[in-house]
1. Has region 304-320 got at least one residue that is aliphatic (A, V, I, L, M) and away from ligand 2 (no atom under 16 Å from the Cβ)?
2. Residues in region 217-229: is at least one in the same structural domain as ARG162 (by TED's automatic domain parsing), away from ligand 1 (no atom under 16 Å from the Cβ) and in contact with a Pro (Cβ under 8 Å, 6 or more places away or on another chain)?
3. Which one is nearest to ILE150 (Cα to Cα) among residues in region 172-208 that are loosely packed, with under 15 Cβ neighbours inside 10 Å, modelled with pLDDT of 95 or more and not small (Gly, Ala, Ser)?
4. Counting just the residues of region 85-96 that are out of contact with any Leu (no Cβ under 7 Å at 6 or more places or on another chain) and surrounded by 20 or more Cβ atoms within 10 Å (Cβ to Cβ), which one comes out nearest to GLY344 (Cα to Cα)?
5. Out of region 295-335, which residues are over 16 Å from ASP156 (Cα atoms) and either assigned to a helix (DSSP H, G or I) or without any contact (Cβ under 8 Å) to a residue 24 or more places away in the chain (or both)?
6. Would you pick out the residues in region 58-94 that are within 18 Å of GLY317 (Cα to Cα) and of a type in the set (A, V, I, L, M)?
7. Looking at region 265-282, which of the residues that are in contact with a Phe, Trp or Tyr (Cβ under 7 Å, 6 or more places away or on another chain) and not in a loop (DSSP other than H, G, I, E, B) is nearest to ILE140 (Cα to Cα)?
8. Filter region 146-170 for residues that are among the aliphatic types (A, V, I, L, M) and within 15 Å of the chain's Cα centre (by Cα) and give the result.
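The values are calculated or read from the model by the stated rules, or taken from the named source; none is laboratory data. The shown structure was predicted, so the numbers you read here are calculated from the model rather than taken from an experiment. Note that we place each Cβ from the backbone using ideal geometry, even for glycine, and neighbour counts take in every protein chain shown.
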Amino acid sequence: MKDDKEVIILGIESSCDETAASVVKDGREVLSNIISSQIDIHTVYGGVVPEIASRLHCENINGVIKLALREAGLGFDDLDAIAVTAGPGLVGALLIGVSEAKALAYAVNKPLIAVHHIEGHVAANYISHRELEPPYVCLIVSGGHTHLCIVKDYSDYEIIGRSMDDAAGEAYDKVARAVGLGYPGGPKIDMAAKEGDPHAIAFPIGEVRDRPYDFTFSGLKSAVLNHINKARMKGEEINVPDLAASFQEAVIRQLVDRTVACAEAHGIRQVAMAGGVSANTALRAALSEACEERGMKCYYPEPIYCTDNAAMIAAAGYHQFKEGRFADLSLNASPDLKLGMRIGG
Ligand code: KG4
Ligand code: ZN
């Protein structure tokens, strides 16, 4: 049984290739965190196949929710609300989570909260760092997004910069595929780079003219592909660890330098990171070092909360609960939802 003063939220996430459910207390304490990953199945195809993702979400979602409640030792009656990722993501995948959450909210008579997936990634920081409060600068680096934001308040984001082309995670995945490391590429490049020299190959650090806080990865990606093609044409073997480390170095320089410059320019002393790429060990080390040199505090979620999970959705949902922002049963999936756009209340 739960204490009346506590706010218990069930989070549901199904925007891409993880079916996840989690129970979180007061937006920061995780009581259960169940993730059913489809990665092994999509790996066979070299990337996420949307139709397969939807079918697997459909098969797994009830079991994942049951398990999340069982592990938390709670029942539907104990919940204060049900929070679900409403977008952005794959439309068919999102629809499974949204339909499930609506059906549950109706059946057990609990309020429904529509969460922006990226706001969920940011809120993962509140789970790993109970003391973190806005304002702070947040670098959001996932498979589909690269944004530099000032989080002014729990639901108030100012976007300062964004990628002009690929997202950081997308660049990792494309480079990994080009050197035959497979999907998902981020963790594979991360591992390979540990054995390589980050200064072995001088790849360009992307810059967007007159836009100091924006990012670009397409020139870097082309430079890596050219390097691979040239080596292959000459019959030379590619040193994968050196290539991975040098590519990663160029990505990290761009991300870290712009993030700390943004914090300095805005007089903000707290810097956080969010999204799948924030699990990257070299990026975590580089951002920590850059912040320490400037006397800034640096935050990033524990690795399990960096990639897709439902605890982050429940954590973000908590702040919407506090603000009284609920969705109704007309809620639909919003595959192209932009950061800062509100859905369902
Ligand atoms: O946030 P996320 O789980 O899903 C989206 O919302 O997109 O991010 C997935 C991305 C993938 O591109 C994956 O390759 C990347 O995060 N990623 C990493 C690492 N772990 C996951 N990139 C670099 N290093 C990692 N350790
Ligand atoms: Zn994500």
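1. No, there is no match, as no residue in region 304-320 is aliphatic (A, V, I, L, M) and away from ligand 2 (no atom under 16 Å from the Cβ).
2. Scanning region 217-229, I find at least one residue that is in the same structural domain as ARG162 (by TED's automatic domain parsing), away from ligand 1 (no atom under 16 Å from the Cβ) and in contact with a Pro (Cβ under 8 Å, 6 or more places away or on another chain), so the answer is yes.
3. PRO204
4. Per the stated criteria, the residue is LEU94.
5. Those that are over 16 Å from ASP156 (Cα atoms) and either assigned to a helix (DSSP H, G or I) or without any contact (Cβ under 8 Å) to a residue 24 or more places away in the chain (or both): PRO303, ILE304, TYR305, CYS306, ALA311, MET312, ILE313, ALA314, SER330.
6. ILE65, ALA68, LEU69, ALA72, LEU79, ALA81, ILE82, ALA83, VAL84, ALA86, LEU94
7. The extreme case among them is MET273.
8. LEU148, ALA167, ALA168
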